[in-house]
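Peer 1: So that we are looking at the same thing, I have put the structure below in structure tokens.
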Amino acid sequence: MEQKGNITKSTYTSYKRYMDVHMIPFFKKMKIKVKEITGDEINEYYAYLRAKGLKGTSCQRHHSLLHLAFKSAMKRRIIPTNPVDQADRPKSVQFIGNYYNAEEIKQLIDCTKDDPLHIVIIIAAYYGLRRSEVIGLKWSAVDFVGKTISIKHKVLQDEDGVAGYDVMKTKSSYRTLPLIPVVEQALIAEREHQAEMKKAFGRGYCKKYEDYICVDAVGELIRPNYVSDHFPIVLRKNGLRKIRFHDLRHSCASLLLANGVQMKLIQEWLGHSDIGTTSNVYSHVDSESKKLSAEAIAKALSE
């Protein structure tokens, strides 16, 4: 599987992990040739993945990669048909995120004022950004005059370290949003704090990431993995309900829905390429908000 030039480095790394950890060990034990593989063997592989504890969505990623690999084999005339077409595509179970309500978000922000993740949490909670988008935010993306903030750069981390990219996940990921006053004040405070740290550490302050917003006390970029690892520690320390950092994105969307924001507008706010993605993830939340409409019409007609 050498299509490295057609996909991002992070995607290639994920694909390689799928192959090294699951695909190669499983199919190697079968001791059969590529042209002998049928839909039955593919289905056995999916059963193996489920036995390993992989969820439906993860199994679907393996399905897509296998289909791509066998499609390449067909193109090279190694096999006449794609055996993945004969297999049963794994079904995904609708994801229901773990959300914070407004009071929990406020409490989280309030108790992390002295934590390195404070500005990271504020941005994620108010804008529902992906982890890579939050860490990738630069000062140059914030227009304090025009009152906007642009999401157009991301930071990813792999075994080789961290790297910034101007190529976003999808075209819809590029978006310019209004600068929320609360976030603006937090950014101004953060900029002043960073200026103080530069003076305090002098030559010891890292200048490599000075255009990035999310840096630590000595100017080093906050690593994406650090965000995921440190976030649960913050929650335990402050006695807060356990959620993932990514659930701040879901919390943002659920709060928007609960306050009457239309699904299409939430799609644009989150940077989803397809409204179907937004609807599938948040349909259960939307149904909760519809109860308010039901109660309102019932009350209106009963008077």
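Peer 1: Would you work out the charge dipole size for the chain about its Cα centre, treating the Cβ of every Lys and Arg as +1 and the Cβ of every Asp and Glu as -1, and quote it to the nearest 20 debye?
Peer 2: It works out to roughly 1180 debye.
Peer 1: To continue, here is another question. On alpha-carbon atoms, Rg over Rh for region 3-162 using Kirkwood Rh? If you can, show how the numbers build up before the last one.
Peer 2: Numbers: Rg = 21.7 Å, Rh = 19.5 Å.
Reported Rg/Rh, Kirkwood definition of Rh: 1.11.
Peer 1: Evaluate the relative contact order of region 1-127 (contact order divided by residue number), counting alpha-carbon pairs under 8 angstrom at least 6 apart; express in whole percent.
Peer 2: Once normalised by length, the contact order is 24 percent.
Peer 1: Using +1 on the beta carbon of Lys and Arg, -1 on that of Asp and Glu, and nothing else charged, what's the dipole of region 99-189 about the Cα centre, debye to 20? Kindly include the intermediate steps, with their values, before the conclusion.
Peer 2: Numbers: 11 positive and 12 negative charges, 96 e Å.
Here region 99-189 has a charge dipole of around 460 debye.
Peer 1: State the extension gain, in nm to one decimal, for the chain segment bounded by GLU210 and SER140, taking 0.36 nm per residue of separation less the distance between their alpha-carbons.
Peer 2: Here the answer is 24.1 nm.
Peer 1: In whole angstrom, and with the biggest value first, how far do the Cα coordinates of region 4-86 range along each principal axis?
Peer 2: Cα extents, longest axis first: 33, 30, 21 Å.
Peer 1: Suppose every K and R has +1 on its Cβ and every D and E has -1 on its Cβ; what is the size of the dipole of region 4-86 about the Cα centre, in Debye to the nearest 20?
Peer 2: 400 debye
Peer 1: Step through the table entries LYS106/LYS237; LYS208/LYS237; LYS154/LYS208, compare each Cα-Cα distance with 20 Å, and write down the pairs that go over it. List each step's numbers first, then the result.
Peer 2: Numbers: LYS106/LYS237 16 Å; LYS208/LYS237 32 Å; LYS154/LYS208 16 Å.
Over 20 Å Cα-Cα: LYS208/LYS237.
Peer 1: A further question on this structure: Using only the Cα atoms of region 63-146, what semi-axes does the equivalent ellipsoid have when each is the square root of 5 times a gyration tensor eigenvalue? Give whole Å, largest first.
Peer 2: Semi-axis lengths for region 63-146 are 46, 20, 10 Å.
Peer 1: Below 8 Å between Cα atoms, with a sequence gap of 6+, how large is the relative contact order for the chain in percent? Write out the running numbers ahead of the final one.
Peer 2: Numbers: 337 pairs, mean separation 52.1, N = 303.
Reported as a whole number, the value is 17 percent.
Peer 1: Projecting each Cα onto the charge dipole of the chain (Lys/Arg +1, Asp/Glu -1 at the beta carbon, about the Cα centre), which of HIS22, GLN262, THR278 comes out farthest on the positive side?
Peer 2: So the residue we want is HIS22.
Peer 1: Given 0.36 nm per residue, what is the gain on full extension from ARG17 to VAL182 after removing their alpha carbon distance, in nm?
Peer 2: In short, 55.3 nm is gained.
Peer 1: Which value, in Å³ per residue, describes the convex hull spanned by the Cα atoms of region 119-192?
Peer 2: In region 119-192, the Cα hull volume divided by residue count equals 96 Å³.
Peer 1: Shifting gears a bit: For the chain, what is one quarter of the convex hull surface built on the Cα atoms, given in nm²?
Peer 2: 21.4 nm²
Peer 1: Sticking with this structure for a sec: Going highest first, how would you order 126-139, 228-241 by mean Cβ packing within 10 Å?
Peer 2: For the peptides 126-139, 228-241, the packing ranking is 126-139, 228-241.
Values quoted throughout were computed directly from the atomic coordinates according to the rules given, and no laboratory measurement underlies them. The model shown is predicted, which means the values in this text are computed figures rather than measured ones. As a convention, Cβ positions derive from the backbone with ideal geometry for all residues, glycine included, and neighbour counts pool all protein chains shown.
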